[in-house]
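Participant: Just passing along the structure, written as structure tokens.
None of the figures in this text is laboratory data; all of them are computed from the coordinates on show. Just so it is clear, the model here is predicted, and its values are computed rather than measured. Every residue, glycine as well, gets a Cβ built from its backbone with ideal geometry; the counts of neighbours run over all protein chains shown.
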């Protein structure tokens, strides 16, 4: 369950009436997903919103995410739009937690994307990158290379020899991964299938921007491909791969430098999620066990990229 | 017809691809309403937007309207959201005209509002006023008292003696109407039934903010009531009147000063539209004839308010 902080209908009604212009609250429904925050669907007589209480992120970290979502929304990129309070601020406090209300993105995620859906996601991801160019916020990747290394140090003791060796050697291979990669700007960082909602055959919106940061655009594309274009056995689905990358390229062409690092980026994206899943699996925080994803799938993806490097050639 | 400036699908496609992050244009449909601007529905593979070419308003006047819509949207007030270009600006230029793209508000207007709809409109209008408090833009009412007087001077010659006398005496009665009226802030200024779209039994949004300005809130309520709560014979429909005013009051209570000027505000709102309709009727601009509204209805409303002043007593 993911409602870590309880909020009663009366509390939400009073808080919204005092601080917002979004109508009268008529219902509040806990959202049983999400491992970082407490989320509710908030129904008012004017529409449906999402109320989030931030359980770990603090009021000093949150402006990057909220301002980025607002920036992207203002550019027409379908992202949750943070709603300003009467004091013109996004962030408030409810029941002792930093809290914000965002617009509710219509639609549902897809588990088995079509080529057309992969194309739309690629296109929209490129639009997100371009729209983010004028965003002035800065946040380094909190799940970047420094984190891979420190998290790995904590999990080696849980791994068998083969996995330890795979992890060590891949970290060594990625030693150069870093800030020299350009072009860079705001990235989603976690654009998996469950973070894209489809509505009426379109991208209803990208959600869950709480791994967003400033990093290399091509790395964001690789992270996305690693989820959208992978078969159950860890191999790449060429149709979806081509569709997603063609969608992206139809909006923004990759540079030759990006094309060159593409195989390395696919491996880096697989490494990042293998490490975080190993970490969540072996060092779970209370209340998260039911959400721990299987680390093995990203190990297979990483091994696939090692064995069969995918040249970027579209 | 209201497409004053032609735009081809190819021109729109190129312009959007160069400047925006809203997807690939797939269709462009002229909107045959509006007397001030050229409007198109703009379909992209990511959604439906509205493209507006401003025929009279200039790039120096437009920021107030666009920034106000953006401000209200960011507060969750359902208004068209102006979309920022890649250069982070709302306003561009297309075929020699200032041009902007805004989100498409879902829904349809209602010609025969129910009490519940009137209630929702009142509630939403109050939210709009409160959300506008933190808006920093300034624009005087370009259809305010100074305009009533100057426009009247141009139309007296078209009027019979009775209408001339009615106009003169009402202008004299409203001589004190002005900037001393508080509370004030951004008002819609033209919240007639055709400027409110309903969607799924909710207010989909307010549209057409191009008469918005900074003026007295209670005057905005009166303008709204004069359209929403009037019967065909010019008399007031008490059910809708109560519903709208109760909706407004449920969000923001009128002050005693506002209650006191309420009957005068109803007359001022009727006068403003009687004058502008007389003006458009007798001094039409080319291409506008088909949109000229009958001035008589607002004359009847004004006379009704004179004969049967409505005390604000809810």
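Participant: As an exercise, take the mean of 1/r over every pair of distinct alpha carbons in the range B:193-314, invert it, and state the Kirkwood radius in angstroms. Can you show the working numbers first?
Facilitator: On the way: mean 1/r = 0.0643 Å⁻¹.
About 15.6 Å for the range B:193-314.
Participant: Here's a follow-up. Can you give me the angle between helix A:115-132 and the longest principal axis of chain A, using Cα atoms only, in degrees from 0 to 90, rounded to the nearest 10?
Facilitator: Tilt of helix A:115-132: around 70 degrees.
Participant: Of the candidates A:161, A:136, A:36, which one comes out as most mobile in a Gaussian network treatment of chain A with C-alpha springs shorter than 10 Å?
Facilitator: Its mean-square fluctuation being the largest, the pick is A:161.
Participant: Take the alpha carbon gyration tensor of the range B:110-176, find the square roots of its eigenvalues, order them as a ≥ b ≥ c, and report rounded if a/c is under 1.5; if not, report prolate when a/b exceeds b/c, else oblate.
Facilitator: On the way: a/c = 3.17, a/b = 1.62, b/c = 1.96.
Oblate, since a/c reaches 1.5 and b/c is not below a/b.
Participant: A follow-up question, please. Kindly express, to the nearest 10 degrees and within the range 0 to 90, the angle between helix A:217-228's C-alpha long axis and the longest C-alpha principal axis of chain A.
Facilitator: 90
Participant: Treating the angle as unsigned and between 0 and 90°, give the value, to the nearest 10°, between the Cα long axis of helix B:256-282 and the longest Cα principal axis of chain B.
Facilitator: 70
Participant: Give me the log10 of I(q) over I(0) for the protein assembly as shown at q = 0.09 Å⁻¹, as the Debye formula computes it from C-alpha points; what are the numbers?
Facilitator: -0.78
Participant: Between residue A:232 and residue A:140, what length in nm is gained on full extension when 0.36 nm per residue of separation is reduced by their alpha carbon distance? Don't jump to the answer; show the numbers that get you there.
Facilitator: On the way: separation 92, 0.36 × 92 = 33.12 nm, distance 3.19 nm.
Separation in residues times 0.36 nm, less the Cα-Cα distance, equals 29.9 nm.
Participant: Compute the normalised compactness of the range A:9-103: alpha-carbon radius of gyration over 2.2 N^0.38 Å, N being the residue count.
Facilitator: On the way: Rg = 12.6 Å, N = 95, 2.2 N^0.38 = 12.4 Å.
Ratio of Rg to 2.2 N^0.38 Å for the range A:9-103: 1.01.
Participant: Quick one: what do you get for the range A:131-223 if you divide its Cα Rg by 2.2 N^0.38 Å? Provide the component values of the computation, followed by the final result.
Facilitator: Working: Rg = 16.1 Å, N = 93, 2.2 N^0.38 = 12.3 Å.
Taking the Cα Rg and dividing by 2.2 N^0.38 Å, one obtains 1.30.
Participant: Counting each DSSP H run of 4 or more residues in chain A as -39500 (n - 2.57), what helix-only mean residue ellipticity at 222 nm follows after dividing by all residues, to the nearest 500 deg cm²/dmol?
Facilitator: On the way: 9 runs with 131 residues, N = 314.
Helices in chain A give a 222 nm mean residue ellipticity of -13500 deg cm²/dmol.
Participant: For chain A, what percent of Cα pairs sit more than 26 Å apart?
Facilitator: Details: 23502 of 49141 pairs.
Considering chain A, 48 percent of its Cα-Cα pairs are separated by more than 26 Å.
Participant: Let me ask you something else. Output, in nm with one decimal and in ascending order, the distances from the residue B:146 label point to the matching label points of the other copies (7 Å from Cα along Cα-to-Cβ).
Facilitator: Distances between equivalent label points, in nm: 5.8.
Participant: Could you tell me the distance between the Cα centroids of the range A:61-128 and the range B:106-149, to the nearest Å?
Facilitator: 28
Participant: Next up: In whole Å, what is the distance between the alpha-carbon centres of the range B:215-245 and the range A:217-246?
Facilitator: 57
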